[in-house]
Amino acid sequence: MNQETSNEPLKIVLIGDSSVGKTCLIHRFVEDSYAADQPNTIGVDFFAKKLQIEGKVHSIQIWDTAGQERFKSMIRTYFRSASAALLVFDLTKKASFDHVNAWLATIQEDIAPKAPIVIVGSKSDLVEQRAVPEKNVRSFANKLGLEYFEVSSLNSEGVQNLFRSTVQKIIEGQTDSQSPERKRSTRVGSELHLLMKDKETPKDPDGCCGF
Ligand SMILES: Nc1nc2c(ncn2[C@@H]2O[C@H](COP(=O)(O)OP(=O)(O)OP(=O)(O)O)[C@@H](O)[C@H]2O)c(=O)[nH]1
Ligand SMILES: [Mg+2]
């Protein structure tokens with residue numbers, strides 16, 4: 001089969017609190033594997049994968065960042081060249097969703113205006129332990145004009161769809177200079193300002209997100 005290959009690799013960066021499941025999500029997508037005893041990421045890890053969309057093969061670079069506080073300043077440098085960011089929180093840990101605002105404010109400063117930012121609720125298989133209702137996240141994401149996906153790396157639910165949709169969004173943004181992402185960027189900035197003014201972000205007990 002004659003397949004067209006794109007030249008520029010698309011760079012997707014994963015961010016979010018420690019232990020929300022970023023590394024497990026990447027392993028599920030890249031090699032279809034899952035390890036329940038995944039060690040904490042140190043600094044930044046790098047993965048590569050090819051994805052075929054509409055007859056064209058795209059090279060994807062995936063950067064897995066450490067959620068631990070001590071790595072916060074060094075991982076920021078990776079946001080600048082990202083084509084898209086997946087902001088991951090744990091559906092069973094409300095605090096990790098509460099921290100999404102702070103993460104968003106940080107990437108907004110560094111990421112390219114056109115790069116899609118996607119909110120990802122992880123561990124959707126843990127139905128009984130769920131602490132964040134889907135409608136709350138959908139309404140939060142809608143206000144900011146962001147997409148929202150729920151995934152489980154344990155049973156694979158939603159994982160392929162998340163990455164394929166993100167790559168499609170990146171491609172759309174590259175071919176359309178007036179893309180929704182550009183509009184999103186302005187919107188996230190102003191809406192976030194309002195959200196944070198509205199509800200003063202409390203100091204995180206575990207020291208998260210103090211950029
Ligand atoms: N039930 C369930 N558990 C998960 C899932 N994904 C991850 N976990 C568990 O959560 C733990 C933490 O996942 P990691 O992928 O290491 O989390 P991380 O976000 O990369 O953490 P840092 O590297 O410290 O930033 C794993 O060791 C798994 O035990 C999931 O989809 N379902
Ligand atoms: Mg990790």
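For (1) surrounded by fewer than 17 Cβ atoms within 10 Å (Cβ to Cβ); (2) modelled with pLDDT of 55 or more; (3) under 20 Å from HIS58 (Cα atoms), each residue gets a yes or a no:
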position	(1), (2), (3)
LEU146	no, yes, no
LYS169	no, yes, yes
LEU192	no, yes, no
MET196	yes, no, no
Only unsatisfied item for HIS58, checking (1) within 14 Å of ligand 2 (Cβ to nearest atom); (2) surrounded by 16 or more Cβ atoms within 10 Å (Cβ to Cβ); (3) not in a loop (DSSP other than H, G, I, E, B), is (1)
Selection from the stretch 12-43 of residues closer than 29 Å to ILE171 by Cα, near ligand 1 (Cβ under 10 Å from one of its atoms) and of a type in the set (A, V, I, L, M, F, W, C) yields LEU14, ILE15, VAL20, CYS24, LEU25, ILE26
So for the stretch 139-151 (the condition being without any contact (Cβ under 8 Å) to a residue 24 or more places away in the chain, over 17 Å from the mean Cα position of the chain (by Cα) and farther than 16 Å from THR23 by Cα), does at least one residue qualify? yes
Is one or more of the residues making up the stretch 88-100 out of contact with any Cys (no Cβ under 9 Å at 6 or more places or on another chain), among the basic types (Lys, Arg), surrounded by 17 or more Cβ atoms within 10 Å (Cβ to Cβ) and closer than 23 Å to GLU150 by Cβ? yes
For LYS11, the lone unmet condition from (1) of a type in the set (Lys, Arg); (2) crowded, with 17+ Cβ neighbours inside 10 Å; (3) part of a loop (DSSP other than H, G, I, E, B) is (3)
Could you tell me whether the stretch 26-45 includes any residue that is assigned to a strand (DSSP E or B), in contact (Cβ under 8 Å) with a residue 12 or more places away in the chain and surrounded by 21 or more Cβ atoms within 10 Å (Cβ to Cβ)? no
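The values are calculated or read from the model by the stated rules, or taken from the named source; none is laboratory data. Because the structure is a prediction, the values reported are computed rather than measured. In this analysis, Cβ positions are derived from the backbone assuming ideal geometry, glycine residues included, and neighbour counts consider all displayed protein chains.
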